[in-house]
Amino acid sequence: MRVASSADKTFSYIPDCSDLDIPEDADYVYICENNTIYGTKFHTLPNTKGHDLVADVSSCFLSEPVDVSKYGIIYGGVQKNVGPAGMVISIIREDLIRDDVMPFCPTMLKFKTQADNGSLYNTPNCWSIYMCGLVFKWLKAQGGLTEMKKRNEEKAAILYDYLDQSAMFHGTVRKEDRSLMNVPFITDSEELNARFIAEATKAGFVSLKGHRTVGGMRASIYNAMPKEGIQKLVDFMADFEKNNR
Ligand SMILES: Cc1ncc(COP(=O)(O)O)c(C=O)c1O
């Protein structure tokens, strides 16, 4: 059951989740904490009114410190900030690792199966695990998640500040709900969007096309994107704006 939505404005904001009408008998409250497609982020977690919070954190994992005690289950594909695609990391509160799951849940998808077998019930994706391990070491050497948050805020500010003063490009998300990882933006014309994407691609800025369901542009600026990369994009956008006035 959906208890909150921003569908009325194309998911461009996070609804007020401070006093939701959550059924007493709900098993959990679910959020996608950072919406990769629309570029929104829950900067404040919902008031779950005592229910367990389950969060898909695929696109904000390891981008900033997290208080895991606020969640029942955190899970995320590693393919954004952590390592090569093909693996999911789950952090689950001990008492939720249970046997009484839905009868059709396949054995290997039960948290209990994985927990009881040290995540080695099947042959795991060893290469991805190894690469994630290298990233964890790198993260620690950089100063950990506090440092990542600082860097990501600095990085995102370069792009958002430019968007906020541009006469051509506009961010699509309400300011207070903006993601640090995924920055969707548009111009006022489809034709200009297409020209920008084509020229950017020619200049070496790849994957700037927005998700196929929303169009426009999207810059994904995960941990691995250096500040210099964002500055270069903004310089390119400013030039494009000047040349296409
Ligand atoms: C927030 C979020 N959840 C889920 C997915 C889907 O992940 P997968 O393709 O690994 O199932 C993605 C995309 O990678 C995502 O960004």
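Table for the structure above
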| read-out | value |
| --- | --- |
| Some residue of segment 32-42 being in the same structural domain as residue 135 (by TED's automatic domain parsing), of a type in the set (A, V, I, L, M, F, W, C) and within 10 Å of the ligand (Cβ to nearest atom) | yes |
| Test: residue in segment 55-65 that is part of a strand (DSSP E or B) and either among the β-branched types (Val, Ile, Thr) or within 16 Å of the ligand (Cβ to nearest atom) (or both) | yes |
| Filter pass, residue 12 being touching a Pro at 6+ places or on another chain (Cβ under 9 Å), exposed (fewer than 13 other Cβ atoms within 10 Å of the Cβ) and either assigned by TED's automatic domain parsing to the domain that holds residue 148 or at pLDDT 95 or above (or both) | no |
| Tally of residues being over 23 Å from residue 120 (Cα atoms) and within 8 Å of the ligand (Cβ to nearest atom) across segment 66-79 | 0 |
| Test: residue in segment 97-113 that is open to solvent by less than 90 Å² (accessible area, probe 1.4 Å), away from the ligand (no atom under 13 Å from the Cβ), within 25 Å of the chain's Cα centre (by Cα) and not polar (S, T, N, Q) | yes |
| Within segment 116-129, tally of residues that are open to solvent by 50 Å² or more (accessible area, probe 1.4 Å) and either within 22 Å of residue 57 (Cβ to Cβ) or outside the structural domain of residue 75 (by TED's automatic domain parsing) (or both) | 3 |
| Conditions (1) more than 16 Å from the ligand (Cβ to nearest atom); (2) in a loop (DSSP other than H, G, I, E, B); (3) not small (Gly, Ala, Ser): number failed by residue 29 | (2) |
| Criterion (open to solvent by less than 20 Å² (accessible area, probe 1.4 Å) and not aromatic (Phe, Trp, Tyr)) met by exactly one of 82, 88 | 82 |
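The values are calculated or read from the model by the stated rules, or taken from the named source; none is laboratory data. All of these numbers come straight from a predicted model, not from anything done at the bench. Note that each Cβ is placed from the backbone with ideal geometry, even for glycine, and that neighbours are counted across all protein chains shown. Each accessible area value is taken on the protein alone, full model and side chains, heavy atoms only, with ligands, DNA and RNA left out. Shrake-Rupley method; radii C 1.70, N 1.55, O 1.52, S 1.80 Å.
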